[in-house]
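Laboratory data are not the source of any read-out in this text; all were calculated from the coordinates shown. Remember, predicted model here, so these are calculated numbers, not experimental data. Counting neighbours? That spans all protein chains shown, and the Cβs are built from the backbone with ideal geometry, glycine included.
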Amino acid sequence: MNEQHAANTQHATDKQHATGKQHATGKQQATENLTFHAKVKDYAAWRAGYDAGETGRNSASITNGKVFRSAADPNDVLVLFDVADTAKARTWIGSDDLKAAMQKSGVLGSPSIRFAA
């Protein structure tokens, strides 16, 4: 293998690791990202509801949630997720169960929910 080919192969491998998951077969599985931004009535109450919803999120292929809070307003939350199956995730996001859970946990108004590749 010449040096240029080796460098290109390493660059491609690095890029695969940065952009998605790789299967044992060498095929890359692309993941999308989901952002959830909302104001909540009380962070502790919201967080309890968020934690309780992990099974539902996982069944909708929404994983690896990372929760952030605003320094200026701790009841302003942003959550970043990985999504393996966008269609499944969109169905779950539109469900009455999720709407009821958000209302029960104290989400104020309509949250901003966005998908990005």
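For the reader, a short list of remarks on this structure follows.
So that you can scan it fast, the table gives a plain yes or no per residue for (1) under 16 Å from Ala48 (Cβ atoms); (2) touching a residue at least 60 places away in the same chain (Cβ under 8 Å):
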position	(1), (2)
Asn64	no, no
Val67	yes, no
Ser70	no, no
Pro74	yes, no
Asp82	no, no
Thr86	no, no
Asp96	no, no
Phe115	no, yes
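- Elements of type strands (runs of 3 or more DSSP E) contained in the stretch 24-96, each with 2 or more residues being surrounded by 14 or more Cβ atoms within 10 Å (Cβ to Cβ): 32-40, 62-69, 76-83
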